[in-house]
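What follows draws every value from the coordinates through simple rules; no lab data is involved. Values in this document were obtained by computation on a predicted structure and should not be read as measured data. Glycine gets a Cβ as well: all are built from the backbone with ideal geometry, and neighbour counts include every protein chain shown.
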Amino acid sequence: MGNLKKNLWTTLTIIWSILMVAQIVLAFFFKKDYLPVAEHIGWGFIFLSAIFGILPIFTFRIKGKVEKGKSYMHTTKVVTLGIYSILRHPQYMAGILINIGIILISQHLLIIVIGFLAIVLVYFDALRADQNLIAKFGKEYSDYVKKVPRLNFIAGIIRLLKRRNK
């Protein structure tokens, strides 16, 4: 049953990745200009996604005690500093923000549907990641889960400010 579950999650990850790429490619062909301001906001989401996508690479390398020669994803400790003091899964958040950005830029029904499906699958992948990290790090990660939101960076900033003011 373990391999079946792992294969299911891997398949879902592949599907949301394909949906995201399809959404980006199709946005070049299917674009509406109903709300020009939405397009500008969409580009803001894309920019923000780049920040959430890139910062974890450096944070894990510096703070995650990654063995030399290993990917930054192979941390040996729970990282709770930097971007990880705001949210637990910044790279999943980056994926969600890219999808929202493309939806706002294209403003086309097909892109909206594809983007929504991809966002839902990314969210479920983040849930799976939490399960795996609790299994890997135990109580330390469980305690971290109680302090830092999974994907809500606004709540994460508010919680971080409250923790600092205590």
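Specify the angular offset, from 0 to 90 degrees and rounded to the nearest 10, of the alpha carbon long axis of helix 36-63 from the longest principal axis of the alpha carbons in the chain. Between helix and principal axis, roughly 20 degrees.
In terms of packing, defined here as the mean over residues of other Cβ atoms within 10 angstrom, the peptides 66-72, 141-147, 88-94 line up highest first as 88-94, 141-147, 66-72. Round to the nearest 10 and give me the degree value, 0 to 90, for the angle of helix 90-106's Cα axis relative to the longest principal axis of the chain. Tilt of helix 90-106: around 10 degrees.
For the stretch 1-114, the residue among LEU81, LEU48, THR11 whose Cα projects farthest onto the positive side of the dipole built from Cβ charges is LEU81.
Centre-to-centre, using Cα atoms only, the stretch 96-150 and the stretch 26-41 are separated by 23 Å.
When the Cα convex hull of the chain is projected onto planes of every orientation, the mean area is 11.3 nm². For the residue pairs LYS6/LYS63; LYS63/LYS166; LYS6/LYS77; LYS6/LYS166; LYS70/LYS166; LYS70/LYS162, the C-alpha atoms sit more than 32 angstrom apart in LYS6/LYS166; LYS70/LYS166; LYS70/LYS162.
Select from ASN152, ALA94, VAL120 the residue farthest towards the positive end of the dipole of the chain; place +1 on Cβ of Lys and Arg, -1 on Cβ of Asp and Glu, and compute about the Cα centre. Result: ASN152. The relative contact order of the chain comes to 31 percent, based on Cα pairs under 8 Å that sit 6 or more residues apart.
Phi angles across the stretch 128-145 convert, under the Karplus curve 6.51 cos²θ - 1.76 cosθ + 1.60 with θ = phi - 60°, into 3J(HN,Hα) values of 4, 4, 4, 4, 5, 6, 5, 5, 6, 10, x, 4, 4, 6, 4, 5, 4, 4 Hz, Gly and Pro given as x.
Other residues with beta-carbon under 10 Å from the beta-carbon of ALA126 carry, at +1 per Lys or Arg and -1 per Asp or Glu, a net charge of +1. Each distinct pair of alpha carbons in the stretch 16-112 adds a 1/r term; the inverse of their mean, the Kirkwood radius, is 14.7 Å. Considering only VAL148, VAL113, VAL79, the mean-square fluctuation computed in a Gaussian network model of the chain, springs between alpha carbons under 10 angstrom, is largest for VAL113.
Within the straight-line cut-off of under 17 Å between alpha carbons, none of the lysines are reachable from LYS31, sequence neighbours fewer than 8 places apart in one chain being disregarded.
Counting only Cβ charges, +1 for Lys and Arg and -1 for Asp and Glu, the dipole size of the stretch 2-165 around its Cα centre is about 880 debye. With the highest mean first, a sort of the peptides 57-63, 8-14, 21-27 on other beta-carbon atoms found within 10 angstrom per residue produces 21-27, 57-63, 8-14.
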